[in-house]
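Reviewing the structure listed below.
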Amino acid sequence: MGELYYKGLFMIKLSTRGSDFETRHPPASSRQKNPNMREMTLKRRITYRLLTPLIKFLLYLLWASCRVVKIEGEQHFETLRENGKSFIPCFWHQHHIFCSWYMRRLIKKGFRIGFLISPSVDGEIPASMARGWGAAEVIRGSKTRSGAQTLRDMYQLVVKRGISPVTTSDGPKGPIHKFKSGDLVLSQFTRAPLVPVSYAASRFWRANSWDRFVIPKPFSRIVIFVGKPFAVERSTHIDDFAVLGEQMEAQLLALYQQASASLG
């Protein structure tokens with residue numbers, strides 16, 4: 001039985017049969033509470049309860065006003081489903097608005113889609129929305145704050161329950177357009193392929209945030225591109241992850257450029 005130590009976050013044990021997967025991490029009692037994470041006070045709970053319907057209404061209004069004129073590459077998802085395979089949809093944090101629209105579309109078509117959402121109070125609204133869309137599972141975790149626990153939970157979703165977990169590959173806080181290795185690790189040990197997704201809008205605003213969040217303007221045209229699935233081989237060495245991450249970054253950039261070009 002071999003052991004792979006990954007950046008000090010967790011230890012994964014693989015048997016020679018390739019079927020056993022165990023993540024070891026400090027017990028809950030020994031993990032310190034993050035002093036920078038805000039608590040869910042009663043006031044915040046009431047505020048989020050009131051804000052959620054408003055934000056959902058505004059998002060749905062924006063979705064309804066825009067026109068998705070093209071979805072390229074959707075056959076990749078259909079082929080994976082026909083073959084009974086789970087997968088890992090991944091996109092940049094800045095592309096949440098219409099990539100989330102597309103994930104919701106897949107859910108409506110019967111795909112078992114799950115979401116990884118920040119455990120902070122800022123994740124309360126998107127978590128509530130994802131559940132409302134009919135997501136198969138919503139994991140409240142972080143690839144940076146609780147990497148080991150999150151990886152184990154996502155592994156269970158993919159391997160044991162056949163759920164395809166969505167990730168924002170440069171989230172939760174950047175650097176922008178830097179593909180995080182946690183998604184590569186998940187693909188390697190679940191054998192579920194990564195499926196990159198990007199979109200472009202004919203007119204949009206960019207927020208002054210770390211990810212330069214993209215907000216399509218009402219009545220914009222939208223084009224969505226889905227890339228070819230890519231599975232990280234079980235034999236891949238950790239030293240090769242940097243190159244694989246760069247390849248995924250290049251593919252996501254190419255998809256965005258193709259989507260933009262399609263808008264004319």
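Quick notes on this structure:
- Ranked by the mean number of other Cβ atoms within 10 Å per residue, highest first, peptides 84-93, 254-263, 115-124, 152-161 order as 84-93, 115-124, 152-161, 254-263.
- Other residues whose C-beta falls under 15 angstrom from the C-beta of Arg105 contribute a net charge of +4, scoring Lys and Arg +1 and Asp and Glu -1.
- Under-5 Å amide H pairs with Ile163, H placed in peptide plane, nonlocal only: Val158
- In this calculation the C-beta distance from Phe204 to Ala242 is compared with R0 = 41 Å, giving a FRET efficiency of 0.85.
- Euclidean distance of C-alpha centroids, segment 203-264 and segment 99-174, integer Å: 18 Å
- If you plug the beta carbon distance of Glu82 and Lys178 into 1/(1 + (r/R0)^6) with R0 = 25 Å, you get a FRET efficiency near 0.15.
- Rel. contact order, % - alpha carbon contacts under 8 angstrom, at least six apart, segment 49-201: 31 percent
- Couplings for segment 81-95, taken from phi via the Karplus curve 6.51 cos²θ - 1.76 cosθ + 1.60 with θ = phi - 60°, read 5, 4, 8, x, 9, 7, 8, 10, x, 9, 8, 6, 4, 5, 9 Hz in order; Gly and Pro are left as x.
- Environment charge of Asp211, counting only residues whose C-beta is closer than 9 Å and scoring Lys/Arg +1, Asp/Glu -1: +1
- Net charge of neighbours whose Cβ lies under 15 Å from the Cβ of Leu263, counting Lys and Arg as +1 and Asp and Glu as -1: +4
- Percent of Cα pairs exceeding the 15 Å cut-off, where the set is segment 133-194: 48 percent
- Computed Kirkwood radius, in angstrom, where 1/r is averaged over Cα pairs of segment 98-247: 16.4 Å
- ³J(HN,Hα), Karplus 6.51/-1.76/1.60, whole Hz, each residue of segment 193-199, x for Gly, Pro: x, 7, 10, x, 9, 8, 9
- Computed FRET value (nearest 0.05) for Lys160 with Phe219, which takes r as the C-beta separation and R₀ as 41 Å: 0.40
- Rounded to whole Hz, the Karplus (6.51, -1.76, 1.60) HN-Hα couplings of segment 240-257, x for glycine and proline: 8, 5, 4, 5, 4, x, 5, 5, 5, 4, 5, 5, 5, 5, 4, 4, 5, 5
Any read-out appearing in this document is the output of simple, stated calculations on the displayed coordinates, not a laboratory observation. Remember, predicted model here, so these are calculated numbers, not experimental data. Quick reminder, even Gly has a Cβ in these numbers, built from the backbone with ideal geometry, and neighbours come from all protein chains shown.
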